[in-house]
Amino acid sequence: MPTIRHARPSDAAAIAGVHVRSWRAAYRDLLPAPYLDSLDPVARAVAWHERLSDPGGPVVLVAEGEAGAVEAFVSFRARHGGAAPDAVTAELSALYAVPEAWGRGIGRALLAAAVAAMRAAGFRTAGLWVFEDNARARAFYEAAGWRPDGEAVTEETGGRELRELSYRLSIS
């Protein structure tokens, strides 16, 4: 089983690498190849360092493999709906793993750790957005008890319009 811990600013480059590699593999059939090829791990590392250094930033957990390398991460914060954060609903904003870690239980362990951290922080429900055409991710979340709540949006990513579905989970 992986070691799961809170991320530190020094993890920014590793998280950015996981983020880019995961997007390139998971979204290769959903997003244009030139867009995925243009993802810059260095720029993402800068953004992740800022998030991880911000005391008001999201909660970020990482999963380390046997060699101590970051293989996956998850990020959540209070869900924003309108002008202020929702005090009872957490939003899972990211859960990504390097492709070599897929199917090894690391994502399940990380998701369970995130839900436990949400519960400990006082959240009663959790939400996330997932691409409608991302069957692998939808099956992953549904196996963990998450369900579509009927809300959907269409967003433009990489020059392509994609429909995203909202999922919810009761964690109280």
**Message:** Among LEU36, LEU61, LEU92, which one shows the highest mean-square fluctuation when the chain is modelled as a Gaussian network with alpha-carbon springs under 10 Å?
**Reply:** LEU36
**Prompt:** Out of ALA143, ALA63, ALA47, any idea which swings most in a Gaussian network model of the chain, alpha carbons joined below 10 Å?
**Reply:** ALA143
**Fill in**
Measure of exposure for ARG51: accessible area at 1.4 Å probe, Å² rounded to 10, is 90
**Asked** Summing -39500 (n - 2.57) over the DSSP H runs of n ≥ 4 in the chain and dividing by its residue number, what mean residue ellipticity at 222 nm do you reach, to the nearest 500 deg cm²/dmol?
**Response** -10500 deg cm²/dmol
**Request:** Subtracting the Cα-Cα distance from 0.36 nm times the residue separation, let me have the gained length for ALA113 to ALA69 in nm, one decimal.
**Result:** 14.0 nm
**Prompt:** Put +1 on the Cβ of every Lys and Arg and -1 on every Asp and Glu Cβ in the range 1-112; which of GLY56, LEU39, ALA14 then has its Cα farthest towards the positive end of the dipole?
**Reply:** GLY56
**Request:** Residues in the range 145-172, backbone N under 15 Å from the label point at THR125 (7 Å along the Cα-to-beta-carbon vector): list them, ranges by number please.
**Result:** 146-152, 166-172
**Asked** With every protein chain in place, what's the accessible area of THR3 (1.4 Å probe, Å², nearest 10)?
**Response** 80
**Request:** For SER93, enumerate residues with amide H under 5 Å from its amide H, sequence gap 5+ or separate chain, H modeled in the peptide plane.
**Result:** SER75, PHE76, ARG77
**Prompt:** Using a Gaussian network model of the chain with C-alpha springs under 10 Å, which one of ALA139, ALA14, ALA72 is most mobile by mean-square fluctuation?
**Reply:** ALA139
**Asked** Taking the Cβ of PRO99 as the center, what net charge do the other residues with Cβ under 15 Å away carry, scoring Lys and Arg +1 and Asp and Glu -1?
**Response** +2
**Request:** Please report, in Å, the Rg and the Dmax of the chain, where both are computed over Cα atoms only.
**Result:** 15.5, 43
**Charge dipole magnitude, Cβ of K and R +1, D and E -1 - the range 81-172, Cα centre, debye nearest 20** = 480
**Complete:** Given unit charges at Cβ for Lys, Arg (+) and Asp, Glu (-), the dipole magnitude of the chain about its Cα centre in debye, nearest 20, is 460
**Asked** With helices defined as uninterrupted DSSP H runs, which ones in the chain have an alpha carbon span along their own long axis of at least 20 Å and mean Kyte-Doolittle hydropathy of at least 0.0?
**Response** 12-26, 106-120
**Message:** Could you tell me how far the Cα centroid of the range 36-84 sits from the Cα centroid of the range 142-172, in Å?
**Reply:** 19
**Message:** Largest first, please: the extent of the C-alpha atoms of the range 77-172 along each principal axis, to the nearest Å.
**Reply:** 34, 34, 20
**Complete:** Percent antiparallel among DSSP beta bridges confined to the range 1-152, nearest 5, equals 80
**Asked** Label-point separation (nm) for MET1 and ARG28, each offset 7 Å from Cα along Cα-to-Cβ?
**Response** 3.2
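The values are calculated or read from the model by the stated rules, or taken from the named source; none is laboratory data. None of the values given here were measured: they were computed from a predicted structure. Because the Cβ atoms are built from the backbone with ideal geometry, glycine has one as well, and the counts that use them run over all protein chains shown. In case anyone asks, the SASA skips ligands and DNA or RNA and just uses the protein heavy atoms, side chains included. Shrake-Rupley method; radii C 1.70, N 1.55, O 1.52, S 1.80 Å.
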